[in-house]
Structures are given as C-alpha cells and as structure tokens.
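J.: What follows is a structure written as structure tokens; I'll ask about it next.
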Amino acid sequence: MASSTTTSNLDLSSVNSLQAGVAVSLLAVGGGIIYSWLLRKGHDDLSTSNAPPVPTTNSNDSKERVVLVLGGGTIGSSFAAVFLSRGLKVHVMDPFATKETVQDRIKMVWPTILARGITKLQEAPIDTALSQSDSLTAAVDAIQKQGQTIDFVQECTWEDVDNKQKILQELDHLVDPSVIIASSTSFIPWTLLVTQCTHKHRILIGHPGK
C-alpha cells in the first residue's frame, strides 16, 4: 500500500513539473516574440547601447516563418509541442534522434498542453520537419531553400559551456540579427553563454521551470 502511494506521489510530481515547464515555455516564447516585434517597430532603446543596429523586417515578406528548435530531447520536444500548439511551423534539428522519436515525445506532452487549455486541438499537428543535417549551416540553408524564414530559435542541446558557446556563436552568425535566440540552460550564466557572440542583445535564457 505504501509503495502505491509513493508511486502516485511521484507521478503527480512529474505532471506538476511538466505543467510548470510548459507554462514557463509559453512565457519565454511570448516574451521573445514581443521583444522581436518591438525591435522591428524601431524601439532600439531595448538593445544595449553598443549593440549593432537591428535591421527592420519587410512587412511584405511572403516567406513562411518557422521556429527552429535545436535538440529533440525531452526539453526540445516539449518546446516544439508548445510552439505547435500556438499554430507555428516548427523545424527540429537533432542529428541523434529520428523524426519518429521526436514526434512520439511531442505526443506525450500534448495531453498536458490540452488539459491546461493552451490549445483546443485534440491531437498534436505532427508536421514537424526534422533536419538530419550534419551541420547547423546545412540545416539553416535547407530551411531557407524551402522559402521559409527563421523567426525564433530555441537552443536545447546538451548542458556544456563549450558546446553552447560554439552553437550560439554559429547561430548568431547564421540567423538574422533581428531574430531572438533562446538558450535552455539550468546553470550556465548568460554572460558566459554570449562571450563569443556579436549580437548579444538578442540572446536570452529560455529554460523550463520546476
């Protein structure tokens, strides 16, 4: 009897943690989109004084906009599910995961998103494009060749300073300076993450909370 109670408590704790993570994910996404929109409207006072000028985006641009998620693990797939629930096109890059694995992880998160009223879709719109590219450059080029524009980036790769610094530096070079880049990290400070980046003002930490 005690074992059953313990298991039930653990299950409930996991669900609560997942729900909190989804809520924080939405806040990070919403904040990033609002910040990006303000920059494009000319509110350059939001950026640091020595930051490079942020180019304006052509409002007549007909390219389909997507969210690029780096990493298809538990956190990356959960972020992808949140983005999909808001009607966004999602492109997940993870050379170590199959498309089916990422889609299964998104389906596992979907009941929680539905229960919280974040979406009314009973089933996850599994149209996630999973890049099997060997490099980030190749993945970004593939998205652009499809006539799509990266509008937000969520980095969810493994928790290692050198790894994240390298990826953020590459993203900072490849993605338009007006695009927000969020990095999921539980202990690496922002000042350390952006040491090799030029457009530091558009990089933020976006990590699920417990």
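J.: Within region 147-177, which residues are part of a loop (DSSP other than H, G, I, E, B) and of a type in the set (S, T, Y)?
T.: The one that is part of a loop (DSSP other than H, G, I, E, B) and of a type in the set (S, T, Y): T157.
J.: When you scan region 117-146, how many residues do you find that are outside any helix (DSSP H, G or I), of a type in the set (A, V, I, L, M) and either farther than 13 Å from V67 by Cβ or at pLDDT 90 or above (or both)?
T.: Qualifying residue count for the region: 5.
J.: For region 169-205, which positions are in contact with a Lys or Arg (Cβ under 8 Å, 6 or more places away or on another chain) and more than 21 Å from V67 (Cα to Cα)?
T.: If the condition is that a residue be in contact with a Lys or Arg (Cβ under 8 Å, 6 or more places away or on another chain) and more than 21 Å from V67 (Cα to Cα), then I188, Q196 are the ones that fit.
J.: Can you tell me which condition E123 does not meet? The list is (1) free of Cβ contacts under 8 Å to residues at least 60 places away in the same chain; (2) more than 15 Å from the chain's Cα centre (by Cα); (3) closer than 15 Å to H91 by Cβ, and all the others hold.
T.: (3)
J.: Please determine whether any residue of region 93-111 is surrounded by 15 or more Cβ atoms within 10 Å (Cβ to Cβ) and in contact with a Lys or Arg (Cβ under 8 Å, 6 or more places away or on another chain).
T.: no
The values are calculated or read from the model by the stated rules, or taken from the named source; none is laboratory data. It should be emphasised that the depicted structure is a prediction, and the values quoted were computed from it without experimental measurement. Neighbour counts run over all protein chains shown; Cβ positions are idealised from the backbone, glycine included.
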